[in-house]
Amino acid sequence: MSMELILADEEATLALGRRLAEVLPDGLVAFLHGDLGAGKTTFARAFLKALGVGERVKSPTYSLVEGYDIGERRAFHLDLYRIADPGELEWLGLDSLSEPGAIVLVEWPERGQGALPPVDLELYFRHDGMGRVVGFQPRSEAGRRLVQALGL
Ligand code: ADP
Ligand code: MG
């Protein structure tokens, strides 16, 4: 992975979430990879709060998807860990994920293959001693611009 950041402690993960929210121009589909405990939800919480989500950002571990209205914008946070087959996602009615301008964060995206909108940016979280490392892989023009805006 060419673009990596060391996240020495939880605060660094939170700061990255806030920073991404700051530079986000409009919509985004981001896939959050990494083992259990790698920091995906921590990052997602800080990002969504910084975007302006007023209510508590719950982990979608059991609900699979949580949706938020942020002014005119819609944000979705998915955790597909408990999905056995991408077909199960049909029941969730995920059409709105593909709305222009939607902000979509997906934990365990490999379990939703084929049922998710095209990804702009993939983040790869991993343990590194007591801390974490995150790698960035842009997958669209918007994703490349974001990574640039982050100064990576
Ligand atoms: P995931 O959603 O990937 O399973 P979580 O975001 O729930 O993981 O994080 C698990 C734990 O890791 C939390 O207790 C969180 O405080 C901690 N954590 C997050 N980022 C870091 C970091 N950079 N260094 C150390 N601990 C972290
Ligand atoms: Mg999680």
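Does any residue of the stretch 110-132 turn out to be assigned to a helix (DSSP H, G or I) and under 28 Å from Asp9 (Cβ atoms)? Yes, because at least one residue in the stretch 110-132 is assigned to a helix (DSSP H, G or I) and under 28 Å from Asp9 (Cβ atoms). Filtering the stretch 7-17 for residues that are more than 10 Å from ligand 2 (Cβ to nearest atom), in a loop (DSSP other than H, G, I, E, B) and either in contact with a helix residue (DSSP H, G or I) (Cβ under 6 Å, 6 or more places away or on another chain) or touching a residue at least 12 places away in the same chain (Cβ under 8 Å) (or both) leaves a non-empty set. Search the stretch 35-75 for residues being closer than 16 Å to Arg132 by Cα and of a type in the set (D, E, K, R), and hand back the single one that is farthest from ligand 2 (Cβ to nearest atom). If we take residues in the stretch 35-75 being closer than 16 Å to Arg132 by Cα and of a type in the set (D, E, K, R), then Asp35 is farthest from ligand 2 (Cβ to nearest atom).
With respect to the conditions (1) at pLDDT 95 or above; (2) at positive phi, Gly151 falls short on a single one, namely (1). Under the condition of being out of contact with any Pro (no Cβ under 8 Å at 6 or more places or on another chain) and within 13 Å of ligand 1 (Cβ to nearest atom), which residue from the stretch 79-106 is farthest from Glu22 (Cα to Cα)? Per the criteria, the residue is Arg82.
Taking the condition within 14 Å of ligand 2 (Cβ to nearest atom), farther than 25 Å from Asp128 by Cα and over 12 Å from the mean Cα position of the chain (by Cα), does Ile83 pass? So Ile83 passes the test.
Filtering the stretch 110-135 down to residues that are touching a residue at least 40 places away in the same chain (Cβ under 8 Å), of a type outside the set (A, V, I, L, M) and buried (at least 19 other Cβ atoms within 10 Å of the Cβ), which residue is nearest to ligand 2 (Cβ to nearest atom)? So the residue we want is Phe125. Residues that are under 24 Å from Arg126 (Cα atoms) and crowded, with 18+ Cβ neighbours inside 10 Å within the stretch 67-82 comprise Phe76, His77, Leu78, Asp79, Leu80, listed in sequence order.
Close contacts from the stretch 30-49, counting a first residue that is touching a residue at least 12 places away in the same chain (Cβ under 8 Å) and a second that is assigned to a helix (DSSP H, G or I) and near ligand 2 (Cβ under 10 Å from one of its atoms), with Cβ to Cβ under 6 Å and a gap of 6+ residues or different chains, come to Leu32/Lys40; Gly34/Lys40.
The values are calculated or read from the model by the stated rules, or taken from the named source; none is laboratory data. Everything numeric in this text was worked out from a predicted model, so none of it was measured. We place every Cβ from the backbone using ideal geometry, glycine too, and count neighbours over all the protein chains shown.
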